[in-house]
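The structure under discussion appears below in the form of structure tokens.
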Amino acid sequence: MEFSFTSDQRELRRSIREFAEAEIAPHVMEWDEASHFPQEIIPKLAAMGLLGVIFPEKYGGAGMGYLEYSIIIEELSRVDGAVGIIVAAHNSLCSNHIFKFGTEAQKEKFLVPLAQGHKLGCWSLTEPGAGSDAGGTRTTAVRRDGGWVLNGSKTFTTNGHYADVCVAMAVTDAGKKHHGISAFLIEKGTPGFRPGKKENKLGLRASDTSEVLFNDCRLPEENLLGAEGEGFINSLQVLDGGRISIAALGLGMAQGAYDCSLRYAKERKQFGKPIAEFQAIQFKLADMALQIEAARLLTYRAAWLADSERAADSSGARITREASMAKLYAGEAAVRVAGEAVQIHGGYGFTKDYPAEKFYRDVKLCTIGEGTSEMQRLVIARQMLGK
Ligand SMILES: Cc1cc2nc3c(=O)[nH]c(=O)nc-3n(C[C@H](O)[C@H](O)[C@H](O)COP(=O)(O)OP(=O)(O)OC[C@H]3O[C@@H](n4cnc5c(N)ncnc54)[C@H](O)[C@@H]3O)c2cc1C
């Protein structure tokens, strides 16, 4: 077993932390308060290769693996989970769906500009009536005049308003249920396609979470992504990778909440001494650190497995159980850690003068997005029972 990162990985972590501290940290509260989507940071993320982390260089990517990707998402989220989720939805949902299931022509046309960061991507599976039960998709795609016509509405799409490319799932054969949903590539500006309501959220407020609407949206035949009818099944594989992102997102935010709590506990004095000298506070910090380390082990194990699978080119093999375990544990641990961070800050933890309250709001997404904690438990149990 090997538990250490390579020197390249350590250097990557250092450079992303430096970037996040310099370019993101000074604006975090301003963006959050205004629900401002930080478009100004996108070219900087692109220049660092962060919009094509897990894709080969021949497709415009940085040619890195899930371990490096997890380091990047963790370090961005340690400073701002909103930036973490923007990068995660672009990389591991939209772009990865194209990378895994697209034709060479689709990769050339769509993946290359996404991976180079010239374009931003979003991925729309969830609908108002189809969340955990995503197989209950209602949006339809009907064959007409040698192409497709899409009708329906998606909800909760990260980057929905700002994306140039959307991968969306729609029913192509209702009789075939889960094997009757297909994936489609839609470009911004396509008639009949537009973002709808932007959600006013509890947390991750600088990220964009929006409806995506289709009204007689015509697409050419070549915008079908993957085999007809396999869009939902392919989405499950895409979500395996996506869950590693959410684990890293939770891990990063938990680390950020811990770091600010440790700092505060050493500075804040009550009863004539720093509160860090009270055993009650020490035990909180110890429990926080323990849960973060456990989350880190699960997250990086899942990332390592994903890389091993890619190296072996075993696209059939799955990392479902490990990705779900990492996502479930890291997400729930992050919620507990952020709660203790507020507690350690006392009344100041309830104010916007300290970062604890933002972590507390932001981490909650990790027990909901890309499958709720309840659904992760179902996924893990099904894997254990061989279903
Ligand atoms: C900030 C944010 C970003 C998102 N980004 C995206 C995105 O980019 N693309 C996308 O497609 N989606 C996205 N989502 C949607 C997200 O994946 C869904 O919200 C999530 O899957 C849950 O669906 P739901 O909200 O409809 O909840 P529901 O499915 O209605 O669940 C409500 C409650 O019921 C429980 N429940 C449901 N079914 C069961 C069951 N069988 N057993 C036990 N409990 C059950 C759930 O666990 C939950 O507690 C995002 C959501 C948020 C909040």
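The values are calculated or read from the model by the stated rules, or taken from the named source; none is laboratory data. Here the structure is a predicted model, which means the values were calculated and not measured. Glycine gets a Cβ as well: all are built from the backbone with ideal geometry, and neighbour counts include every protein chain shown. Each accessible area value is taken on the protein alone, full model and side chains, heavy atoms only, with ligands, DNA and RNA left out. Shrake-Rupley method; radii C 1.70, N 1.55, O 1.52, S 1.80 Å.
Mean residue ellipticity at 222 nm, helices only, the chain: -14500 deg cm²/dmol; runs of at least 4 DSSP H residues each add -39,500 (n - 2.57), and the sum is divided by the number of residues.
Annotation: extensible slack from L290 through E221 equals 19.7 nm (criterion: 0.36 nm per residue apart, minus Cα-Cα distance).
Our note on the geometry: Cα centres of the stretch 23-102 and the stretch 333-387, 21 Å apart. Dipole of the chain computed with +1 at Lys/Arg Cβ and -1 at Asp/Glu Cβ about the Cα centre; of V142, L111, V165, farthest Cα towards the positive end is V142. Would you please state which residues of the stretch 356-387 a label at A312 would reach in this model, taking the label point 7 Å out along Cα→Cβ and a backbone N cut-off of under 20 Å? Only 383-387 pass the distance filter. Peptide packing for 374-383, 3-12, 257-266 was compared via the average number of neighbouring C-beta atoms within 10 Å per residue; ordered from the highest value, the list is 257-266, 374-383, 3-12.
Non-local lysine pairs in the stretch 122-225, meaning eight or more places apart or on different chains, with alpha-carbon distances under 29 Å, amount to 11.
What does the charge dipole of the stretch 84-135 about its Cα centre add up to, to the nearest 20 debye, if the Cβ of each Lys and Arg holds +1 and the Cβ of each Asp and Glu holds -1?
Charge dipole, the stretch 84-135, about its Cα centre: 200 debye, nearest 20.
Basic side chains Lys and Arg get +1 at the Cβ, acidic Asp and Glu get -1 at the Cβ, and with that the dipole of the chain about its Cα centre reaches some 720 debye. Applying 0.36 nm per residue to the separation of N151 and K44 and subtracting their alpha-carbon distance, the gain on full extension is 35.0 nm. Counting only protein heavy atoms, what percent of the accessible surface of the chain is carbon or sulfur at a 1.4 Å probe? Here it works out to 55 percent. Probing with 1.4 Å while keeping every protein chain in the model, the per residue accessible area of the chain equals 43 Å².
The packing ranking, built from the mean of other Cβ atoms within 10 Å per residue, places the peptides 49-60, 175-186 in the order 49-60, 175-186, highest first.
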